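Step one of this worksheet: look at the structure below.
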Amino acid sequence: MKLPHLRALTLRDVTTEARLLLIGIPVFIWTMLPIYHMFLFAISPKEDAFSGKLWPAHPTLHNFEIVFYQQHYFLRDFWIQFWNSVVIAVAAGALTLFIATAAAFSISRLRVPGGRWVMNLALFTYFIPAAFLAVPMYRTMGNYGLLNNHWALILAMVTIASPYAIWVLKQASDKLPVELDEAAIMDGATTLQLFRLVYVPLMMPSLVAIGTYALLLAWNEYLYAFLLLSNDRDITLPVALGNFLSADDSPWELLMTTGFIYALPPAAIYYAFKRYMVGGLTAGAVKS
């Protein structure tokens, strides 16, 4: 049996692979070190938390039990705060996705007047650092009586995420063949049917990517959550984690355990939709 032709590795190929490994391995180790230390704290008893060992002498899951059963003062509202984070992240992701999809469809496929201005404004506002808008956003929410309300944080996150989402979806939408729209219209499709039956299915990778982006942005938000929410039963878990540092003798093992638990959902979401994230975001990464 004849074996398929295999290209011989050249010195240049070997050198390229070696360079990639020399760069990739240190970067991987540097990236994983904080996660490893977080996990190390999470499975260490309080007395061994700062022992400096690569592995605790007596690893335990007791810290996870304390967190799950809310057996500490700082964890008395853990599940409520976790649920707050879920609700706000999902709502912000869904609203951002709806607004960005409608805007991209209107500008790219329906060619509404003023679409270029909307795109330029979206790109301009994306260049403004989110931290610069924190105080104006706080004042605006106060004027409308939305402080200490989940909608304040949801709307703030939608405001921050929408410009980038509109830009990416519009660029991805421009790559769809216009002949598909013309064929659907000739078959009698209304604008709503064109959007629902043609546009959305073809844009699904980009929609999943943008929805995931907006959800994770809201999930990890601290500054706006800290400013707009203050009641212990209304705040999100990142803000609650900051309260651990207010004590003279902070329970670092519980802080790291809670942080490790909070980091698991976004990691799972990213790996579940990884191929959509890469394909969807790169589809709208460059202008056609």
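Numerical summary
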{"read-out": "Residue under evaluation PHE226, criteria (1) open to solvent by less than 70 Å² (accessible area, probe 1.4 Å); (2) farther than 30 Å from GLU179 by Cα; (3) not polar (S, T, N, Q), criterion not met", "value": "(1)"}
{"read-out": "Qualifying position, being surrounded by 15 or more Cβ atoms within 10 Å (Cβ to Cβ) and out of contact with any Pro (no Cβ under 8 Å at 6 or more places or on another chain), among ILE80, ILE35, ILE29", "value": "ILE80"}
{"read-out": "Residue list for the range 77-101, restricted to those being without any contact (Cβ under 8 Å) to a residue 40 or more places away in the chain and under 19 Å from ALA172 (Cα atoms)", "value": "PHE98"}
{"read-out": "Search result, residues across the range 69-87 that are under 15 Å from ALA240 (Cα atoms) and part of a helix (DSSP H, G or I)", "value": "TYR73, PHE74, LEU75, PHE78, TRP79, ILE80, GLN81, PHE82, TRP83, ASN84, SER85, VAL86"}
{"read-out": "Leading residue by the ranking (least open to solvent (accessible area, probe 1.4 Å)) among those in the range 54-74 that are free of Cβ contacts under 8 Å to residues at least 12 places away in the same chain and among the polar types (S, T, N, Q)", "value": "GLN70"}
{"read-out": "The range 149-194: number of residues that are closer than 21 Å to ALA225 by Cα and surrounded by fewer than 16 Cβ atoms within 10 Å (Cβ to Cβ)", "value": "1"}
{"read-out": "Complete set of residues in the range 229-276 that are more than 23 Å from the chain's Cα centre (by Cα), under 18 Å from PRO34 (Cβ atoms), surrounded by 13 or more Cβ atoms within 10 Å (Cβ to Cβ) and not hydroxyl-bearing (Ser, Thr, Tyr)", "value": "PHE244, TRP252, GLU253, LEU254"}
{"read-out": "Boolean, LEU61 is under 29 Å from the mean Cα position of the chain (by Cα), farther than 23 Å from ASN243 by Cβ and modelled with pLDDT of 90 or more", "value": "yes"}
{"read-out": "Answer residue from the range 38-53, given it is part of a helix (DSSP H, G or I) and among the aromatic types (Phe, Trp, Tyr) and is surrounded by the most Cβ atoms within 10 Å (Cβ to Cβ) among those", "value": "PHE41"}
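Conditions tested, residue by residue: (1) more than 19 Å from ALA131 (Cβ to Cβ); (2) modelled with pLDDT of 90 or more; (3) not aromatic (Phe, Trp, Tyr).
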| residue | (1), (2), (3) |
| --- | --- |
| LEU227 | no, yes, yes |
| ASP234 | yes, yes, yes |
| LEU245 | yes, no, yes |
| ASP248 | yes, no, yes |
| GLY259 | yes, yes, yes |
| PRO265 | yes, yes, yes |
| PHE273 | yes, no, no |
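The values are calculated or read from the model by the stated rules, or taken from the named source; none is laboratory data. Keep in mind it's a predicted model, so treat the numbers as computed, not measured. FYI the Cβ positions are ideal-geometry reconstructions off the backbone, even for glycines, and counts take in every protein chain you see. For the accessible areas, the whole protein counts, side chains as well, though only heavy atoms, and no ligand, DNA or RNA atoms are used. Shrake-Rupley method; radii C 1.70, N 1.55, O 1.52, S 1.80 Å.
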